[in-house]
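K.L.:
Here it is, the structure, as structure tokens.
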Amino acid sequence: MADFDLKELERIIAERGNSQDVGSWTAKLFRAGTPKAAQKLGEEAVETVIAAVGGDRDGVISESADLLYHWMVVLALSGVSLEEVLDELARRTGRSGIEEKAARQGD
């Protein structure tokens, strides 16, 4: 599974999301739209936090996978590419997190 990365997940989500496959969870989320996908993203974030706070390592792995998947679905539905997010993260690495956050609060 070493060749699997978030770019591959992005490709799979786009392919499945735009399919008419009634058995595809991704296609179902695309049909339901951003509100449902964002709701699922929030649920998975909470479940990841609960697993982390509870010291459940396997739970953190499993819930993080769900979290990343649903985040990528929300990105796709929002018309945002993974590359755009990575570019933003790269832009932010040039300064401290405290400086970067202060600059955003001024917006």
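None of the figures in this text is laboratory data; all of them are computed from the coordinates on show. Keep in mind that this is a model prediction, so the values were computed, not measured. Here the Cβ is made from the backbone with ideal geometry for all residues, glycine too, and neighbour counts use every protein chain on show.
K.L.:
Give segment 9-24 a look and list any residue that's within 13 Å of the chain's Cα centre (by Cα) and over 13 Å from Leu77 (Cβ atoms), or say none.
P.N.:
Of everything in segment 9-24, just one residue is within 13 Å of the chain's Cα centre (by Cα) and over 13 Å from Leu77 (Cβ atoms), namely Leu9.
K.L.:
Identify all residues within segment 19-38 that are exposed (fewer than 13 other Cβ atoms within 10 Å of the Cβ) and under 25 Å from Leu86 (Cα atoms); write none if there are none.
P.N.:
Answer for segment 19-38, where residues must be exposed (fewer than 13 other Cβ atoms within 10 Å of the Cβ) and under 25 Å from Leu86 (Cα atoms): Gly33, Pro35.
K.L.:
Moving to a separate point now. Would you check if Ala76 is crowded, with 19+ Cβ neighbours inside 10 Å, in contact with a helix residue (DSSP H, G or I) (Cβ under 7 Å, 6 or more places away or on another chain) and touching a residue at least 60 places away in the same chain (Cβ under 8 Å)?
P.N.:
When the stated conditions are applied, Ala76 passes them.
K.L.:
Here's a follow-up. Got a number for residues in segment 39-54 being out of contact with any Phe, Trp or Tyr (no Cβ under 7 Å at 6 or more places or on another chain) and surrounded by 15 or more Cβ atoms within 10 Å (Cβ to Cβ)?
P.N.:
6
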